[in-house]
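Notes to accompany the following structure.
The values are calculated or read from the model by the stated rules, or taken from the named source; none is laboratory data. On a predicted model such as this, the values are computed, not experimentally measured, just so you know. For neighbour counting, all protein chains shown are included, and Cβ atoms are generated from backbone atoms with ideal geometry for every residue, glycine included. Ligands, DNA and RNA are excluded from the accessible area calculation, which covers all protein heavy atoms including side chains. Shrake-Rupley method; radii C 1.70, N 1.55, O 1.52, S 1.80 Å.
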Amino acid sequence: MSRITYDETMSSSDALIWHIEQDPQLRSTVMSVWFLERPPSPERMRATVERMVNQLPRLRQSVLDDRPRPRWVAAERFDIDDHYRYDDLGGSAERGDVLARAQHWVREPFDRSRPLWQLGIFSGLADGRGALVLKLHHAIADGVGLMLMLAAMADLEPNPRHRPALADVVTPPTPVVRAPKHFSTFLRHPVASTRSAVRSGLSIVKLVMPNRKPLSPLMKRRSSDLCLDTVALPFDTLRYAGKQVGGSLNDAFIGLVLDSLDRYHDRYGSGCGKIRIHMPINIRDAATADRAGNQFVPARIVMKVGDDDAEGRLRRVSKHLAAVRQEPALRWVNTVSAAIQRLGVPISRRIIGGMMKGVDVLASNVAGPPCPLYLAGEHVEEFYAFGPPAGAALNITLFSYDNTVHLGVTTVAAAVESRRHFMSCLDEAITEMTTVAAKWPKPTTASADVPLLLGLAS
């Protein structure tokens with residue numbers, strides 16, 4: 001199993017996440033809900049949690065709120081029982097009861113003086129299954145980092161003979177300050193570098209420009225009350241739909257989100273030409289692949305919603321997202337975050353809040369393991385992740401697992417007044433996407449472009 005690298009001090013972007021959630025609408029709570037074939041034995045599950053906590057130092061740490069950048073320190077009087085529980089729901093509970101528990105958890109703020117996680121196992125479902133509910137603060141990990149963390153808990157078989165241990169925890173060295181690369185480039189190519197700097201400057205202005213007004217005429221209100229819903233579909237539906245237009249699975253996912261929002265607005269007779277979408281873009285590379293914490297940059301994009309058939313929308317989305325990935329500002333996010341942070345918490349909270357509360361929807365795509373996993377000997381049948389809306393009306397997080405796409409939908413109660421109608425619109429959009437995917441010729445052998453299993457080994 002890959003080792004995980006831990007920084008003692010939060011990055012500038014993580015520190016902003018930490019500070020701005022003094023506004024309850026900007027809380028950064030991440031939830032995960034698993035449904036298991038059967039509940040794990042309490043004894044074996046307890047041992048699994050203890051192993052996870054022993055292997056992952058971040059789960060035994062709290063945040064020391066130094067300014068301007070908070071630090072991770074060993075928690076005083078750490079006790080697993082303060083963070084872990086095993087409850088019996090009585091034998092007649094349904095999946096909705098598990099989601100209701102998760103919904104209650106996500107609405108409760110963390111005690112910021114203690115380690116920022118909570119884990120529950122639930123037995124007593126009517127169908128004989130079990131469930132896991134995990135609550136994490138976003139400062140601990142992004143979606144990819146979460147996969148590396150959860151590798152300490154899951155197995156590739158029910159009863160592995162030996163399980164790999166995490167390598168020694170690594171604290172990264174203090175970086176050596178060097179002359180920036182763009183400065184030496186400027187000396188060699190002053191005209192081209194000046195043009196590049198102007199383009200970067202305009203891109204950064206677009207990145208940080210506050211805009212508190214959502215583009216949706218229907219989903220304008222905000223509150224801290226969050227609701228959780230789920231839907232699943234075959235992995236190949238989005239994969240083949242993307243291929244049909246020369247795009248990717250992620251392009252198809254964003255197209256699905258736009259189609260759902262278009263249908264939802266039409267159902268209420270409220271036209272919506274464009275929406276502002278927030279997409280975390282993964283920037284992990286070979287140097288940061290095993291580093292804990294967040295390794296993403298936020299991209300706020302204004303995208304056209306309707307007026308296309310399904311394939312036309314997908315082509316437009318694919319072209320748009322390809323251009324977004326080339327935005328110069330994405331390379332400067334941590335630098336910009338540090339500059340904003342130096343303005344002080346009240347001002348930085350106002351700037352970032354202005355950026356985030358004008359977003360209509362946050363969409364995140366996390367590539368999970370393509371094969372079955374087992375938790376304390378029990379098969380994990382469904383795996384949902386729920387990201388924070390972080391000022392938006394809703395968050396839709398895609399988590400791919402074992403040839404299935406699991407969508408965790410987190411809605412702000414005041415913004416999406418009818419979850420039932422929105423989920424119905426999402427179902428209709430999935431049906432449309434299935435039609436597009438059916439046009440792609442199916443391969444006769446297994447393809448190699450399946451997401452790689454992150455951080456797990458047998």
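So that you can scan it fast, the table gives a plain yes or no per residue for (1) open to solvent by 20 Å² or more (accessible area, probe 1.4 Å); (2) at pLDDT 95 or above; (3) under 16 Å from L394 (Cβ atoms):
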| position | (1), (2), (3) |
| --- | --- |
| L249 | yes, yes, no |
| L256 | no, yes, yes |
| S260 | no, yes, yes |
| Y268 | yes, no, yes |
| G271 | yes, no, no |
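Scanning the stretch 403-426 for residues that are among the charged types (D, E, K, R) and more than 18 Å from F386 (Cα to Cα) yields a count of 1.
Taking the criterion of being touching a residue at least 24 places away in the same chain (Cβ under 8 Å), among the charged types (D, E, K, R) and within 18 Å of D14 (Cα to Cα), the residues of the stretch 101-121 that qualify are R112, R114.
Checking each residue in the stretch 346-386 for being in a helix (DSSP H, G or I), touching a residue at least 24 places away in the same chain (Cβ under 8 Å) and either among the aliphatic types (A, V, I, L, M) or in contact with a strand residue (DSSP E or B) (Cβ under 6 Å, 6 or more places away or on another chain) (or both) picks out I351, I352, M355, M356. Looking at the stretch 313-338 only, could you name the residues that are at pLDDT 70 or above and more than 13 Å from D251 (Cβ to Cβ)? The one that is at pLDDT 70 or above and more than 13 Å from D251 (Cβ to Cβ): Q326. Looking only at residues in the stretch 387-417 that are modelled with pLDDT under 95 and out of contact with any strand residue (DSSP E or B) (no Cβ under 8 Å at 6 or more places or on another chain), the one that is least open to solvent (accessible area, probe 1.4 Å) is G391. Remark: pairs (first residue in the stretch 396-410, farther than 13 Å from A429 by Cβ; second residue among the basic types (K, R) and open to solvent by less than 10 Å² (accessible area, probe 1.4 Å); Cβ separation under 6 Å; 6+ apart in sequence or on different chains) are absent.
Per the listing D111, D88, the residue uniquely assigned to a strand (DSSP E or B), loosely packed, with under 14 Cβ neighbours inside 10 Å and on the phi < 0 side of the Ramachandran plot is D88.
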